[in-house]
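Visitor: Below are the structure tokens for one structure; questions will follow.
The values are calculated or read from the model by the stated rules, or taken from the named source; none is laboratory data. No experiment lies behind these values; they were computed from the predicted model shown. Using ideal geometry, Cβ is built from the backbone for each residue, glycine included, and neighbour counts are taken over all protein chains shown. For accessibility, only protein heavy atoms count, side chains too; no ligands or nucleic acids. Shrake-Rupley method; radii C 1.70, N 1.55, O 1.52, S 1.80 Å.
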Amino acid sequence: MTAALLLGLGLLLMAIGMPVAFAIGIAGFAYFFLPGTFLPVNIGPQRIVSATQSFPLLAVPLFIFIGHLMNASGITPRLMRLSTLLAGWMSGGLAQASIVLSTLMGGVSGSAVADAAMQSRVLGQGMIKGGYSPGFSGAVLSIGGLITATIPPSIGLILYGYLGEVSIGRLFIAGLVPGFLLMVALMVTTYFVAKRRGYTPVREGLPTGREVLKAARASVWALLFPVWLLVGIRYGLFTPSEAGAFAVAYALVVGCVIHREMGVKEILAAMHASVRDIGMIMLIIMFSGIIGYVVSFERVPQTIAELTLGVFASQTALLLTLAVLLVCLGMLLEATVVVMLLTPILVPVIKAAGIDPVHFGLLMMTLVTFGGMTPPVGISMYTVCGILRCSFIDYSRELVPFALAVFVVVLGIILFPDIVLFLPNLLMG
């Protein structure tokens, strides 16, 4: 009960406009001033400091930095040309290309919001000038970022693995198949909508093998990055944190030496943007350490596990219920915040129910990230609509068919866990 009141206080402070990190910190510190609490207040600062003392957590700032470096290294326009070549011949060619680009960028940026913002600036006005409605353009560009939340190196999966003590390597490998299924589902939906509205292709006919080979050769360094990342983790060449350091060096070599499009100015700009993003996320992580301690001290996971195991007769029923909860919270809070607050609570619950935490991790990240693309306070929604100057109402209306496609994939993940687990089981045992 006490932990629930503190979480409620944090949500209330966020609702009135207080920055997320401070809302969480105030709610956490409030516990030590409640009547009957015998714990000393100095435990709070200790938990803030200890939340940062983790080697796996080092992967977060490194992969945030790599996302900004990759965008500055000339990789994005090359991937854009490849995506247009592969999907531009379909109905709604530019929209189809944006979904393929999201899939390719998922192995680079690691952030759904960053992907949606980048694509809105690169493709948004071109889609609108090509006859696409602003609402449809915004919905496609926003929902494509959902693929980025599953394909490695997803920052959300790194945080989930760190907080839930789940193998980040297995999470990375497990994200490949769901990411591909999301791409297919969104492209099929785009095809039917575009066909009905007369949205035309941006190129005539299927690409030739020579054209694809030429475009792939130009993008080869971006395409190889996630492959080397997964191979290195799988065969123990480096841990996920060390993989982040490798990725930074890789991006610098590609941008400065191979593509020769990144100089000191671009590196400093990437560092500036990374410091801003890292500071925001790390402050949330630090203050959430207090909430995590309170939740653990009050035995909230054990209590919830006892209740849920008595109420839900099957794993499917439990996952469906948690799916609804995660979507609702994702609609109100940023995905990172939901992961921070709920992972320490829910992972022990799903483990007690016999559910693989890797399976649940992919489900959780997909749903909370999707919530950020929906009203009322979706960050991706606000980002895309702000850049395209699109009405939230038009955006929400156009999002409906894509939301249905996402829910079909999510239902498949819930009902058939092997969709997520067969690849990590095959490669890592």
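Visitor: Regarding region 345-352, can at least one residue be identified that is touching a Lys or Arg at 6+ places or on another chain (Cβ under 7 Å) and either under 13 Å from Gly164 (Cα atoms) or polar (S, T, N, Q) (or both)? Before the answer, list the steps.
Guide: We begin by selecting, within region 345-352, every residue touching a Lys or Arg at 6+ places or on another chain (Cβ under 7 Å); these are none.
Scanning region 345-352 turns up no residue that is touching a Lys or Arg at 6+ places or on another chain (Cβ under 7 Å) and either under 13 Å from Gly164 (Cα atoms) or polar (S, T, N, Q) (or both).
Visitor: Report whether or not Thr200 is within 30 Å of Ser50 (Cα to Cα), in contact (Cβ under 8 Å) with a residue 12 or more places away in the chain and not in a helix (DSSP H, G or I).
Guide: no
Visitor: Then there is this: Select from region 254-294 the residues that are of a type in the set (A, V, I, L, M, F, W, C), over 30 Å from Ala27 (Cα atoms) and open to solvent by less than 20 Å² (accessible area, probe 1.4 Å) and list them in ascending order.
Guide: Val254, Met262, Ala270
Visitor: Here are the criteria: (1) at pLDDT 75 or above; (2) open to solvent by 10 Å² or more (accessible area, probe 1.4 Å). Tell me which single one Gly44 does not satisfy.
Guide: All conditions are met except number (2).
Visitor: Is it the case that some residue within region 386-401 is touching a residue at least 60 places away in the same chain (Cβ under 8 Å), closer than 19 Å to Ile355 by Cα and assigned to a helix (DSSP H, G or I)?
Guide: No - not one qualifying residue is present in region 386-401.
Visitor: If you don't mind, another one. Before we move on, is Leu182 within 24 Å of Ala403 (Cβ to Cβ), at pLDDT 90 or above and open to solvent by less than 10 Å² (accessible area, probe 1.4 Å)?
Guide: yes
Visitor: Let me ask something else. Of all residues in region 117-159, count the ones that are of a type in the set (S, T, N, Q), crowded, with 24+ Cβ neighbours inside 10 Å and either in a helix (DSSP H, G or I) or in contact with a strand residue (DSSP E or B) (Cβ under 9 Å, 6 or more places away or on another chain) (or both).
Guide: Pass one, region 117-159, residues of a type in the set (S, T, N, Q): 119-120, 125, 133, 137, 142, 148, 150, 154.
From what's left, crowded, with 24+ Cβ neighbours inside 10 Å: 119-120, 137, 142, 148, 150, 154.
Pick out the ones that are also either in a helix (DSSP H, G or I) or in contact with a strand residue (DSSP E or B) (Cβ under 9 Å, 6 or more places away or on another chain) (or both) and you get 119-120, 137, 142, 148.
Final tally of qualifying residues: 5.
Visitor: Exactly one condition in (1) modelled with pLDDT of 90 or more; (2) outside any helix (DSSP H, G or I); (3) buried (at least 24 other Cβ atoms within 10 Å of the Cβ) is not met by Phe360; state its number.
Guide: (2) is the only condition that Phe360 fails.
Visitor: Inspect region 87-99 for any residue being within 28 Å of Leu159 (Cα to Cα), of a type outside the set (Ser, Thr, Tyr), surrounded by 20 or more Cβ atoms within 10 Å (Cβ to Cβ) and at pLDDT 80 or above and give the result as yes or no.
Guide: yes
Visitor: Something else now. With Ile350, Ile355 as the choices, which residue is among the β-branched types (Val, Ile, Thr) and surrounded by fewer than 22 Cβ atoms within 10 Å (Cβ to Cβ)?
Guide: It is Ile355.
Visitor: Next question. Here is a list of conditions, (1) modelled with pLDDT of 75 or more; (2) buried (at least 24 other Cβ atoms within 10 Å of the Cβ), and Met70 meets all of them except one; can you say which number that is?
Guide: Evaluating Met70 over (1) modelled with pLDDT of 75 or more; (2) buried (at least 24 other Cβ atoms within 10 Å of the Cβ) leaves (1) as the failure.
Visitor: Being surrounded by 12 or more Cβ atoms within 10 Å (Cβ to Cβ), under 25 Å from Trp89 (Cα atoms), in contact with a helix residue (DSSP H, G or I) (Cβ under 9 Å, 6 or more places away or on another chain) and not polar (S, T, N, Q) narrows it down to one of Ala251, Ala243, Ala216, so name that one.
Guide: From the options Ala251, Ala243, Ala216, the qualifying one is Ala216.
Visitor: On to the next question. Starting from region 248-274, take each residue that is under 16 Å from Leu223 (Cα atoms) and modelled with pLDDT under 85 and list its partners that are surrounded by 14 or more Cβ atoms within 10 Å (Cβ to Cβ) and among the acidic types (Asp, Glu), counting only C-beta distances under 9 angstrom and pairs at least six apart or across chains.
Guide: Once the first residue is under 16 Å from Leu223 (Cα atoms) and modelled with pLDDT under 85 and sits in region 248-274, its partners that are surrounded by 14 or more Cβ atoms within 10 Å (Cβ to Cβ) and among the acidic types (Asp, Glu) give Gly255/Glu261; Gly255/Glu266.
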